[in-house]
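Q: My questions all concern the structure below.
What follows draws every value from the coordinates through simple rules; no lab data is involved. Values in this document were obtained by computation on a predicted structure and should not be read as measured data. Here the Cβ positions follow ideal geometry from the backbone for every residue, glycine too, while neighbour counts run over all protein chains shown.
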Amino acid sequence: MAEFVVEFGKSGAMADGRLNAPAFQRNHEAIWAAIAPILSTQTGDVLELGSGTGQHVTTFAARTPQLTWWPSDIYPSHLSSIEAWRQHSSLANLRAPQRVDLTDPAWTWTANGQTGLQLAAMLCINVLHISPWTVAQNLITGTGRYLRDGGRLLVYGPFKRDGEHTAPSNAAFDQSLRAENPEWGVRDIADLNMLAQNAGLTAAEVTPMPANNLVLAFARAVRQN
Ligand SMILES: C[S@@+](CC[C@H](N)C(=O)[O-])C[C@H]1O[C@@H](n2cnc3c(N)ncnc32)[C@H](O)[C@@H]1O
C-alpha cells in the first residue's frame, strides 16, 4: 500500500475525479462487519477523518440511511474525489467533504456552519500510522469536543499490542514507514489507551481483522456535570 501512503495516485482518477483505492476493495467488507453492529443501532451524525478517496464513507452511508455522514481529508485531490463519489452516489445522508488537518491541535469541524452538534461516532481508517504521533493525539483530544456521551471513536489499521507487533509483516511495514518518514509508524494500543483515558474515553475494544489489522472501538464516557 506504499503508493497510497501520502496521496492516492491521480493517474487512475475517473473523469469526474473519483479515485479508487485497492486497499478499499480489499478491506471495506471486513471493516463494515466489525463496525456495523455499533453503527447500525445508532442515529445521528458520523465524522470520518482522513477519508481518502471517499469510498468507505460512500459505501457505509449507503448502508446506514439513519446516520448522516461527514467526510474530511487534507489533500485537495482527495477532497475532490470524495465529492465526486458523493455526487455519483446521490446519497441524501452524505454531506460535502471538509478540510480537516489533524496535525492542528485546534482542528475544527462544523455541520455546514452549525456548531455544537454532537457526533454519534468518529471514524478513522488507515491514518494513524502514516502521520505523526500528534495526529493520534489530536484525533483523540477532538473526541472531547465532538463526540456525544456514549459516542464511539472507531479506528482501523495495523497496531502493536503491549509494545509488540502482531505479525512479522507489520514489523516490516513499520520499518518501511519509519524509513520513509521518521515521524510515521505503527502505533501501540497501550499508548492510544493512555490518550483515550485522558480524553474521557474507555480503553479500546479490539476486533482482529484480516491481514493483521485491527479495529479499535473507544466509547465516550458520560460527562459529569
Ligand atoms: C492511507 S490513506 C487512507 C484513506 C482512507 N481512510 C482509506 O482507508 O481508504 C491516509 C489518509 O489520511 C489523510 N491524512 C494524512 N495526514 C492527515 C492529516 N494530518 N489530517 C487529516 N488527514 C490526513 C491522507 O490525505 C489520506 O487520505
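Q: With +1 assigned to the C-beta of every Lys and Arg and -1 to the C-beta of every Asp and Glu, and no other charges, what is the dipole magnitude of the chain about the Cα centre in debye, to the nearest 20? Write out the running numbers ahead of the final one.
A: Values: 16 positive and 19 negative charges, 107 e Å.
Dipole magnitude for the chain comes out near 520 debye.
Q: Okay, next question. Per-residue ellipticity at 222 nm for the chain, helices alone: DSSP H runs ≥ 4 residues times -39500 (n - 2.57), over residue total, nearest 500 deg cm²/dmol? Present the calculation step by step, with values, prior to reporting the outcome.
A: On the way: 6 runs with 78 residues, N = 225.
The helix-only estimate for the chain comes to -11000 deg cm²/dmol at 222 nm.
Q: Please report, in debye to the nearest 20, how large the charge dipole of the stretch 1-134 is about its Cα centre when each Lys and Arg carries +1 at its beta carbon and each Asp and Glu carries -1 there. Walk me through the numbers on the way to the answer.
A: Details: 7 positive and 10 negative charges, 49 e Å.
Result for the stretch 1-134 is approximately 240 debye, rounded to the nearest 20.
Q: Moving on to the next point. Please list the non-local residues whose amide H lies under 5 Å from the amide H of W69, H modeled 1.01 Å from N, same-chain partners needing a gap of 5 or more.
A: Amide H to amide H, under 5 Å and 5 or more residues apart or across chains, W69 pairs with V46, L94, R95.
Q: Amide H neighbours of K160 under 5 Å, counting only residues 5+ apart in sequence or on other chains, H built in-plane at 1.01 Å?
A: The answer is R187, D188, I189.
Q: OK, next. Evaluate the charge dipole of the stretch 85-216 about its Cα centre and quote only its size in Debye, nearest 20, assuming +1 on the Cβ of each Lys and Arg and -1 on the Cβ of each Asp and Glu. Intermediate results must be reported in sequence, preceding the final value.
A: Values: 10 positive and 11 negative charges, 104 e Å.
Approximately 500 debye in magnitude.
Q: Using modelled backbone amide H atoms (1.01 Å from N, in-plane), which distant-in-sequence or interchain residues come within less than 5 Å of G151's amide H?
A: R220
Q: Taking the Cα centre of the stretch 43-156 as the origin and placing charges on Cβ (Lys, Arg +1; Asp, Glu -1), which of I130, G151, L47 is farthest toward the positive end of the dipole?
A: Going by the Cα projections, it comes out as G151.
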